[in-house]
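The values are calculated or read from the model by the stated rules, or taken from the named source; none is laboratory data. None of the values given here were measured: they were computed from a predicted structure. Using ideal geometry, Cβ is built from the backbone for each residue, glycine included, and neighbour counts are taken over all protein chains shown. When the accessible area is computed, the model is the full protein with side chains, heavy atoms only, and any ligands, DNA or RNA have been set aside. Shrake-Rupley method; radii C 1.70, N 1.55, O 1.52, S 1.80 Å.
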Amino acid sequence: MMDIRGLAYVVAQTTDIPRWKNFAENVLGMMTAPTASGGLLVRMDERQFRFAVEPGARDAYCASGWEVASQAAFDAAVQTLSAAKVAHVLEDAAFCRQRCAQQVVSFNDPSGNRHEVVWGFQSDFAHFASPKGVARFITGGIGMGHTVLPAPDFAKTAAFFKDVMGFGLSDIMNFEPPGTEGVVLPIHFLHCNNGRHHSLAIAAFPVESGCVHVMVEVEDMPEVGRAMDRMREQQAQMTATLGQHTNDKMISFYMRTPSNFDIEFGYNGAVIDWNQHIAHEFTRVSLWGHDFSVSQQQLLDKEA
C-alpha cells in the first residue's frame, strides 16, 4: 500500500479565470499568481499552490493531489500501482514543473476520479500574506484539508482506497436522500497517515462537477465569521449555513466555487490518535446548524 501523508492540492477547471481569482482573493482570502497557460495558482501557505485552476470548457473539479514523503515512498507507490494492475502515467518533466514537484504519477480510481501522487515540492517558502488578512490556514503535516468525491462504483472504489492507496476508515454514514424511501447511499470518511479525521470522503452517488466539496481550515472562529462576511459582500453563493459536524467536530459553512463544487470553510477540526480511535456510524450530519437547503431557497428567491 501507499504511504499517503496528506491532501497536497486540488486541480480545478473553469470557464472564468477572473471570477476564480476574485473568489480566491476576496472571499477565501488566499494569494494568487497567473500561470503561463492562462490559469491560476492559489496559495494558502508556504507552498507555491494548493489550488491549481486551469482554463477550460466547463466548471469542474479535475484531480486530487496526494503527497508522499520521499522518493523511496514515491517509488513504492508506483510499484503498488503496478502490482495492483492499475493503469498509471509517470508524468513528464514539463508536467512536473506545472505541479512544482520532483515526480508525479497519475491514475484513476474505479469511479473515474483522477489522482496524482507527488513528492518533493518546490517552494520559495515566502511568507503567506493574505490579501484579506487571514492569519493562517491549518495545513503543514496534516495536509491542506479534505476532499469529498463521488464514488458510484462504491464497493470497488472503497476497496481501492483501502488496499491500494492505504487509507483507513475513520467513520461511516448511510445517507438517505430527501424525498426518497428505502434509498440508502453509503458515505465513508477516510484518513491517511496524518491526524486529520478525514483527508478524503467518498459518496455513493455521481456529482456533475466531479466533487462534493473541499474543506479548508483556519485557526479560529472570527476568521470563519469574516469569511462569511466576505462571501456576502462578493455575492458568492452560500450552500450551507454555519454548523458543527458530528464526526470531525468542524465548525463551518459552505459556499459554491466558480468550478461548481463547494468549499467548506471551517475551524476546530478534530486531530485523531488512530491508536485510540473507534469508528462509528454517524446518523446525523451535524450537531447543530448546516442547513443545506439554503442554496435551493436562494434559487427559489431569485426565480420569484
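With a ≥ b ≥ c the root eigenvalues of the C-alpha gyration tensor of segment 22-62, is it rounded (a/c under 1.5), prolate (a/b larger than b/c) or oblate?
It is prolate, given that a/c is not under 1.5 and a/b is the larger ratio.
How long are the semi-axes of the equivalent ellipsoid of segment 130-250, taking √(5λ) for every eigenvalue λ of the Cα gyration tensor, in whole Å from largest down? List each step's numbers first, then the result.
Working: eigenvalues 154, 78, 31 Å².
Those come to 28, 20, 12 Å.
Tell me, what % of the accessible area of segment 172-289 is carbon and sulfur with a 1.4 angstrom probe? Walk me through the numbers on the way to the answer.
Values: 2670 of 5250 Å².
Looking at segment 172-289 in its full context, I get 51 percent from C and S.
Go through segment 49-55 residue by residue and turn each phi into a ³J(HN,Hα) via Karplus (6.51, -1.76, 1.60, θ = phi - 60°); whole Hz please, and just put x for glycine and proline.
6, 10, 10, 9, 10, 10, x
Using a cut-off of 10 Å between beta-carbons, work out the net charge of the residues near Glu208 (Lys and Arg +1, Asp and Glu -1, Glu208 not included). Present the calculation step by step, with values, prior to reporting the outcome.
Working: positive: Arg58; negative: Asp59.
So the environment of Glu208 carries a net charge of 0.
Can you give the helix-only mean residue ellipticity at 222 nm for the chain, where every DSSP H stretch with n ≥ 4 adds -39500 (n - 2.57) and the sum goes over all residues, rounded to the nearest 500 deg cm²/dmol? Show your work: numbers first, answer last.
Details: 6 runs with 59 residues, N = 304.
Estimated from H runs of four or more residues: -5500 deg cm²/dmol.
Checking the a/c ratio against 1.5 first, then a/b against b/c, what shape does the Cα gyration tensor give for segment 160-223? Intermediate values should be presented prior to the final figure.
Numbers: a/c = 1.98, a/b = 1.26, b/c = 1.57.
Oblate, since a/c reaches 1.5 and b/c is not below a/b.
By a straight-distance test (C-alpha under 16 Å), which aspartates and glutamates pair with Lys132 as possible cross-link partners, with residues fewer than eight away in the same chain excluded?
Glu25, Asp45, Glu217, Glu219, Asp220, Glu223, Asp229, Glu233
Once you mark the GluC sites (Glu not before Pro) that are in a DSSP loop and have at most 16 other Cβ atoms within 10 Å, what is the longest gap between them in the chain?
Working: sites that count: Glu46, Glu181, Glu208, Glu219.
That gives 47-180 as the longest site-free run.
Using amide H atoms built in the peptide plane, which far-off residues or other-chain residues are under 5 Å from Leu185 H to H?
Phe175, Glu176
From the P(r) of segment 69-208, can you give the percent of Cα pairs sitting at distances over 25 Å? Please report the intermediate quantities before stating the final value.
Details: 3733 of 9730 pairs.
Result for the distance tail: 38 percent.
Remind me, what semi-axes does segment 108-185 give for its equivalent ellipsoid, largest first in whole Å, using sqrt of 5 times each Cα gyration tensor eigenvalue? Could the numbers behind the result be given before it?
Values: eigenvalues 220, 78, 26 Å².
Result for segment 108-185: semi-axes of 33, 20, 11 Å.
What accessible surface, in Å², does a 1.4 Å probe find on Met221, ignoring ligands, DNA and RNA and rounding to the nearest 10?
Roughly 60 Å² of Met221 is accessible to a 1.4 Å probe.
Could you tell me, in Å, what Rg and Dmax come out for the Cα atoms of the chain?
Using the Cα atoms of the chain, the pair Rg, Dmax is 18.5, 59 Å.
Once phi is turned into ³J(HN,Hα) by the Karplus curve 6.51 cos²θ - 1.76 cosθ + 1.60 with θ = phi - 60°, what whole-Hz value does each residue of segment 245-255 show in order, with x for glycine and proline?
Each residue's phi maps through the Karplus curve to give 6, 6, 7, 9, 6, 5, 9, 7, 9, 10, 8 Hz.
Heads up, I need the accessible area for Trp288: 1.4 angstrom probe, whole protein in place, Å², nearest 10.
Here the accessible area works out near 110 Å².
Please work out the average accessible area per residue across segment 176-304, using the 1.4 Å probe convention, and give it in Å².
49 Å²
Residue-wise, which Karplus ³J(HN,Hα) couplings in Hz belong to segment 26-35, taking 6.51 cos²θ - 1.76 cosθ + 1.60, θ = phi - 60°, and x for glycine or proline?
So the J values, rounded to whole Hz, are 9, 10, 6, x, 9, 8, 10, 8, x, 10.
List the residues whose amide H sits under 5 Å from the amide H of Thr246, counting only those 5 or more places along or on another chain, with H placed 1.01 Å from N in the peptide plane.
Distant-sequence amide H within range of Thr246: Ser286, Leu287.
Could you please report the charge total around Arg19, scoring K, R as +1 and D, E as -1 over all other residues with beta-carbon less than 13 angstrom from its beta-carbon?
Values: positive: Lys21, Arg256; negative: Asp16, Glu25, Asp59.
So the environment of Arg19 carries a net charge of -1.
With a point put 7 Å past each Cα toward its Cβ, work out how far Gln71 is from Phe205 in nm, to one decimal.
The two pseudo-label positions are separated by 4.6 nm.
What does the charge add up to near His198, with Lys and Arg as +1, Asp and Glu as -1, over the other residues with Cβ less than 13 Å from its Cβ?
My count for the surroundings of His198 gives -2.
Rg/Rh for segment 1-99: what does it come to with C-alpha atoms and Rh from Kirkwood?
Details: Rg = 15.3 Å, Rh = 14.9 Å.
Computed over Cα atoms, the ratio is 1.02.
Can you tell me which lysines have their Cα less than 26 Å from the Cα of Lys85? Leave out same-chain residues fewer than eight positions away.
Here the lysines satisfying the reach criterion relative to Lys85 are Lys156, Lys162.
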